[in-house]
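Inspection log for the structure reproduced underneath, given as structure tokens.
Just so it is clear, none of the values below were taken in a lab; they were calculated from the coordinates. Owing to the predicted nature of the structure, the values given are computational and were not obtained by experimental measurement. For neighbour counting, all protein chains shown are included, and Cβ atoms are generated from backbone atoms with ideal geometry for every residue, glycine included.
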Amino acid sequence: MKHFFYLHGQSARTALLKLLRQPLGNLLNLLMLAIALALPVSLYLGVSSLQQWTGKLATTPQITLFMELSSEQADLAAVESSLKSHPRVASFRFVHKDVALKELEQRSGLNTISDGLGSNPLPHAFIVTPKTLEPAALDLLQKELSGLPMVELAQFDGAWARKLHALITLARQLTWLLASVFALAMVLINHNTIRMQILARQEEIAVSKLIGATDSFIRRPFLYHAAWQGLLAALLCWGLTAWLGHEANPALSEFASLYGVDAKLRALDAGEIAIITAFAMLLSMLGARLAADHHLRRQRRNQLP
């Protein structure tokens, strides 16, 4: 077992030293891999940041429950109790009809409007903030709240919510599409890189096979070379996304301030960095494995009589 770990450690060390001996050529290759990773990762950060910002917007869809004019204190208490216990209600605010009339007078500039009306024609209202922006859930919540005692009308801006949900869904789908395309690109780039290395060392590989080297022994240095490439590319991707966020945040904050929101692109957390690194290493090793297996199969075919 000690010999097994020694061989793997030696292969990993040798592969790293070969990368460092050709810094310029390998740096260009690593930058290509890092950019392929950074594009979907940046879009992912943008989508997740957008989801956080929507919770801060003052225009978050709200359902307004207008009570019947004949509703009494017991009816208001029943509706309030139902809203407190509802699983899809994040928060709510009660607006007394007298307060609503005063706000109307202030907005219209007609401070004596109530004098000519005789009685307050406005109803009591509850302004409800839902927990989700998903359109189907909002439709269901509206129907449920409209059935509460003495609720005359349950109204909300469903079109705005659907547009926002559609935008986030589209961006999320584009993220997965880009991730799939660039994952394939990473495999192909590493496949081509390792194939060129194998061709440069094919005589060495042929001699190793003649003296009894196994396929796993021959593949091992190429797999470690690819693993180092994936690791370094993921670290470069982390740096690129951090730089992009740093450069974009001032302009983004200035734009968001127009809507009263403090918005900025979030950075990758430790868990996300670990997942991206593991993902990059696995894809790189997959490309190397495919290249090495292709060469070994072709070599066996050439040896057949």
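Mind listing the phi-derived Karplus ³J(HN,Hα) values for segment 121-134, rounded to whole Hz, using 6.51, -1.76 and 1.60 with θ = phi - 60°, and x for any glycine or proline?
x, 7, x, 5, 8, 10, 9, 10, 9, x, 7, 10, 9, 5
Along segment 266-278, what does the Karplus equation 6.51 cos²θ - 1.76 cosθ + 1.60 (θ = phi - 60°) give for ³J(HN,Hα), rounded to whole Hz, x for Gly and Pro?
Each residue's phi maps through the Karplus curve to give 7, 9, 5, 8, 4, x, 5, 4, 5, 5, 5, 5, 4 Hz.
Mind listing the long-range amide H neighbours of GLU152? Cut-off is under 5 Å, sequence gap 5 or more, other chains count too, H placed in the peptide plane at 1.01 Å from N.
Under 5 Å from the amide H of GLU152: PHE66, MET67, GLU68.
Distance cut-off 27 Å, Cα to Cα: go down the list LYS97/LYS143; LYS102/LYS131; LYS131/LYS264; LYS18/LYS209 and report the pairs above it. Mind dumping the intermediate values first?
Details: LYS97/LYS143 23 Å; LYS102/LYS131 30 Å; LYS131/LYS264 23 Å; LYS18/LYS209 22 Å.
From the list (LYS97/LYS143; LYS102/LYS131; LYS131/LYS264; LYS18/LYS209), the Cα-Cα distance tops 27 Å for LYS102/LYS131.
Under the rule of at least 5 residues apart or a separate chain, name every residue whose amide H is placed under 5 Å from the amide H of ALA90.
THR129, LYS131
Kirkwood hydrodynamic radius, segment 177-305, all distinct C-alpha pairs: what's the number in Å? Could you put the intermediate results ahead of the total?
Working: mean 1/r = 0.0578 Å⁻¹.
It is 17.3 Å.
Could you give each residue of segment 238-250 its phi-based ³J(HN,Hα) in whole Hz, using Karplus coefficients 6.51, -1.76, 1.60 with θ = phi - 60°, and x for Gly or Pro?
4, x, 5, 5, 5, 5, 4, x, 4, 6, 7, 4, x
How do the peptides 93-103, 284-294 rank, highest first, by the average count of neighbouring beta carbon atoms within 10 Å per residue? Walk me through the numbers before you get to the answer.
Working: 93-103: 14.2, 284-294: 21.1.
Descending packing order for the listed peptides: 284-294, 93-103.
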